[in-house]
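Here is the structure we will look at, set down as structure tokens.
Every number in this text was worked out from the coordinates using simple rules, so none of it is lab data. Predicted model, so just to flag it, every value in this text is computed and none were measured. Backbone-built Cβ (ideal geometry, glycine too); neighbour counts: all protein chains shown.
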Amino acid sequence: MSLVITANAGETRKVGRTLGDSLKPGDVLAITGPLGAGKTVFAQGVAESLDIREAVTSPTYTIISEYEGRMPLYHMDLYRLGTPDEFTWLGVEEMLNGNGISLIEWSEKAGEELPERTISVRIEIEADDGRIITIIRPEEAAA
């Protein structure tokens, strides 16, 4: 488990970039945290690490955005979903098991539908603009 405390959005983006540098095709990131915690800012850092030049924004209304870089990024926002069944109805299996990175905001809405290899990222709001970011890789969660 990694625990990082950031003081501002730039530092949160940098943590995303650092994690992104270690990702490989097929990795899944499950990001949780309250509204305004910086999930999309973190996602922007991951996208930067993948050499994605397009502006990465929250896909709350489109639910899934796909970006091309050195490998594809499938950016999902499950905020508007009501049940884990709705997640599976989106037809995301190919993305979750493909050659890109699946980054899922509000991932708790997927229930038990995420693969065991999922990397969990929890972002909590601290005083001012600070954040506490906890990253748990699947091998750590099983221990």
Worksheet entry | segment 69-119, Rg to Rh (Cα coordinates; Rh as Kirkwood inverse mean 1/r) | 0.94
Worksheet item: Tally Lys and Arg at +1 and Asp and Glu at -1 over the other residues with C-beta under 12 Å from the C-beta of residue 115: what net charge comes out?
Response: -4
Worksheet item: Mind checking the dipole of segment 2-134: about its Cα centre, +1 per Lys or Arg Cβ, -1 per Asp or Glu Cβ, Debye to the nearest 20?
Response: 340 debye
Item to complete: Please go through segment 60-143 and write out the trypsin sites (Lys or Arg not before Pro) that DSSP classes as loop and that have at most 16 other C-beta atoms within 10 Å.
Response: 70, 80, 117
Worksheet item: Stokes-Einstein at 4 °C, 1.567 mPa s, Kirkwood radius from Cα pairs: D for segment 2-134 in µm² s⁻¹?
Response: 89 µm²/s
Fill in: Summed side-chain charge close to residue 53 - residues other than residue 53 whose Cβ falls under 12 Å, Lys, Arg +1, Asp, Glu -1
-3
Worksheet item: Modelled label-to-label distance, residue 134 and residue 70, 7 Å Cα→beta-carbon offset: nm?
Response: 3.0 nm
Practice prompt. Calculate, for residue 97 and residue 125, the FRET efficiency according to 1/(1 + (r/R0)^6) with r their C-beta to C-beta distance and R0 30 Å; round to the nearest 0.05.
Written response: 0.35
Practice prompt. Note down the relative contact order for the chain as a percent, whole number, built from C-alpha pairs under 8 angstrom at least six residues apart.
Written response: 34 percent
Practice prompt. Mind checking segment 43-98 for GluC sites (Glu not before Pro) that DSSP puts in a loop (not H, G, I, E or B) and that have at most 13 other Cβ atoms within 10 Å?
Written response: 54, 68
Worksheet, complete the sentence: Put in order of increasing Cβ neighbours within 10 Å, starting from the fewest, 39, 24 give 24, 39
